[in-house]
Amino acid sequence: MIAPDFDYDAVRQDMPEARVMRGEAYAAKGWVDLVEVAPTGVLAHVMGERGIAYVVEVAARDASDARCTCPDFAESGLRCKHVVATVFRVLDADDAELEAAAGRLSRLTDMLDMEGRDDAALLVDRARRDPALLRELEGEPVG
């Protein structure tokens, strides 16, 4: 198994339907960038409506062990639409997408090492939490 076996019904439980629907819409619009996928959890960058990317981590089957850098999560500590979007995206992804995400950061580290970067590990660690840096290191246009 590449990704956690999320229980989507449990993730949605006790969440306002509007929040769930917005999270699903974010995933459907392609606003979820899977950064790291493992059987123990997922790290994603999720674009918000205001163009700000949030860092989301989900480790439990029911998303009870989840974190997001958005203000809503910071204020309430409750699952936010970005967590829903991340779980929904993982459940909707095919095996090839999950495998690509599972090896993404190790491929980036290898690439930076091959370029002779002494700070490869540090850069990749920062890129886990910085969507713009990750895109820049992977050679995608930023901004």
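Across the stretch 43-55, computed HN-Hα scalar couplings (Karplus, 6.51 cos²θ - 1.76 cosθ + 1.60, θ = phi - 60°) run 10, 9, 10, 10, 6, x, 5, 8, x, 9, 8, 10, 9 Hz from first to last residue, x flagging Gly and Pro.
For the stretch 75-80, the Karplus equation 6.51 cos²θ - 1.76 cosθ + 1.60, evaluated at θ = phi - 60°, returns couplings of 6, 9, x, 8, 4, 10 Hz by residue, with Gly and Pro reported as x. Using a simple spin-label model with pseudo-atoms 7 Å out from Cα toward Cβ, E75 and D113 lie 4.4 nm apart. Extension gain for the segment A100 to E136, taken as residue separation times 0.36 nm less the Cα-Cα distance, is 11.2 nm to one decimal.
Annotation note: trypsin sites (Lys or Arg not before Pro) in the stretch 37-143 located in DSSP loop regions with a Cβ neighbour count of at most 11 within 10 Å are R50. In this simple spin-label model, placing a label point 7 Å from the Cα along the Cα-to-Cβ direction at both L122 and R61 gives a separation of 4.2 nm.
Restricting the GluC sites (Glu not before Pro) of the stretch 3-80 to loop positions (DSSP other than H, G, I, E, B) with no more than 16 neighbouring Cβ atoms within 10 Å leaves E49.
Amide H contacts of V35: L43, A44, H45, each under 5 Å away and 5 or more positions distant or on a separate chain (H built 1.01 Å from N in the peptide plane; Pro and chain starts excluded). Here the Gaussian network model covers the chain, with springs between Cα atoms less than 10 Å apart; of D118, D33, D130, D118 fluctuates the most.
When only C-alpha pairs under 8 Å and at least 6 residues apart count, what is the relative contact order of the chain, in percent? Don't jump to the answer; show the numbers that get you there.
Details: 220 pairs, mean separation 34.3, N = 143.
In percent, rounded to a whole number, it is 24.
Rounded to the nearest 20 debye, the dipole magnitude of the stretch 67-131 is 340 debye, with +1 charges on Lys and Arg beta carbons, -1 on Asp and Glu beta carbons, and the Cα centre as origin. Derived scalar couplings between HN and Hα for the stretch 96-111 equal 5, 5, 5, 5, 4, 5, 4, x, 4, 6, 5, 5, 5, 4, 4, 4 Hz in order, rounded to whole Hz, by the Karplus curve 6.51 cos²θ - 1.76 cosθ + 1.60 (θ = phi - 60°), x for Gly and Pro. Between A38, A96, A28, the GNM of the chain built on Cα springs shorter than 10 angstrom shows A96 fluctuating the most.
We did not get these values from a lab; they are worked out from the coordinates using the rules stated. Quantities reported herein were computed from a predicted structural model and do not represent experimental measurements. Heads up, the Cβs are rebuilt from the backbone with ideal geometry, glycines too, and the neighbour counts pull from every protein chain shown.
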